[in-house]
Structures are given as C-alpha cells and as structure tokens.
Amino acid sequence: MADKRKSTQKDISVKDYINSLNDEQTIKDSQVLLKMMQGISGHKPNLTNEGTIAFDSYHYKYDSGREGDALVIGFHPRKGKITVYLMDGTARYSKLLTKLGKHTTTGYCLYIKRLSDVDLKILEQIVGQSYQNIKSKSKNGPIDTILWQTEK
C-alpha cells in the first residue's frame, strides 16, 4: 500500500504535513527549523513532492543541457533523522561542523537525529552562510555547476 502522505502532499500545507509525522520530537524539531530557515531566507516554506520543505529556489543550467530549479535551503523531517540540505555542499563548512555536535554528512546532506544533539547557533550559521553563498552565485543568472561537487 502506498504511503498516503506522499500521494497527497500537494494538497496539504506544510503545517499539516509536519503534524502528520506522528512523532512529537520530529514535529517540534521541524517547527524550530521552519522558523530558522524562514528567518534566514525571508521566504515561506514550500512542500515538495517527496516531503522536503524548501525555502527559496535557484535556477541551474548545465553544459549538458540539463536545466531546472533547486531549493536554496531546506530540510526533510523523518522520525529519528532530519536531513538538512546544504546545496553548496557540506565540505565547505567542515570547520563549523566540528563545533556543531552529533551529526553525519554526505555530499550536500547534513543528518541530525534530534536538534537537541546540536548547537542551534552553529546550525543557523551554517544554513545562513549556505543561503547567502547560493544566492550570491545565482544573482547574475543560472548556476552552471553542481555546487556541492565543486565547492570546498
């Protein structure tokens, strides 16, 4: 049976989606991230079709012809693991990440079990720097590289 949340996400608000998560801690952590990311971006959250909550977007166009829009900052809440997206890559924030607290990373994903495991001021600094970096790179037109693969 298909996950009903995923099949109807386009019809529900971000608030309703978060409240449907059925895990009190994930709901509380998501509310903190909503406030933080909306404050950083100045944009209201947008729910994508896969459960990602995005704030603002940028356009990319690669030499290969691939073109589209991507989130500037955002997160995907799941019970026991929240993914924070740093589209310019986690590597560029390696010094700050050493001060963050308990987390893991991959190319552009920062995984946190609970926000109580990390220093929220450091997380806000990382997300804020990522937002500013991507916005500055996209202000003169589409971004032509996959940022997280090229940013160090």
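Results, tabulated for the structure shown:
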| item | result |
| --- | --- |
| Only one of GLY65, GLY89 that is more than 21 Å from LEU120 (Cβ to Cβ), under 15 Å from the mean Cα position of the chain (by Cα) and assigned to a loop (DSSP other than H, G, I, E, B) | GLY89 |
| Residue check for GLY68: touching a strand residue (DSSP E or B) at 6+ places or on another chain (Cβ under 9 Å), more than 24 Å from TYR17 (Cα to Cα) and surrounded by fewer than 15 Cβ atoms within 10 Å (Cβ to Cβ) | yes |
| Segment 10-38: number of residues that are assigned to a helix (DSSP H, G or I) and either closer than 19 Å to ASP88 by Cβ or hydrophobic (A, V, I, L, M, F, W, C) (or both) | 8 |
| Qualifying positions in segment 104-152 - assigned to a loop (DSSP other than H, G, I, E, B), at pLDDT 95 or above and either out of contact with any helix residue (DSSP H, G or I) (no Cβ under 7 Å at 6 or more places or on another chain) or β-branched (Val, Ile, Thr) (or both) | LYS113 |
| Residue match in segment 44-52 (condition: surrounded by fewer than 21 Cβ atoms within 10 Å (Cβ to Cβ), outside any strand (DSSP E or B), among the small types (Gly, Ala, Ser) and touching a helix residue (DSSP H, G or I) at 6+ places or on another chain (Cβ under 9 Å)) | yes |
| Matching residues in segment 14-60 - criterion: being polar (S, T, N, Q), modelled with pLDDT under 90 and over 16 Å from GLY80 (Cα atoms) | THR48, ASN49 |
| Pair list, Cβ < 6 Å and 6+ apart or interchain, from segment 66-92 residues that are in contact (Cβ under 8 Å) with a residue 12 or more places away in the chain and over 20 Å from LYS44 (Cβ atoms) to residues that are of a type in the set (A, V, I, L, M) and part of a loop (DSSP other than H, G, I, E, B) | none |
| One residue from LYS102, LYS79, LYS137, LYS95 being within 24 Å of VAL14 (Cβ to Cβ) and of a type in the set (D, E, K, R) | LYS79 |
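The values are calculated or read from the model by the stated rules, or taken from the named source; none is laboratory data. Predicted model, so just to flag it, every value in this text is computed and none were measured. We place every Cβ from the backbone using ideal geometry, glycine too, and count neighbours over all the protein chains shown.
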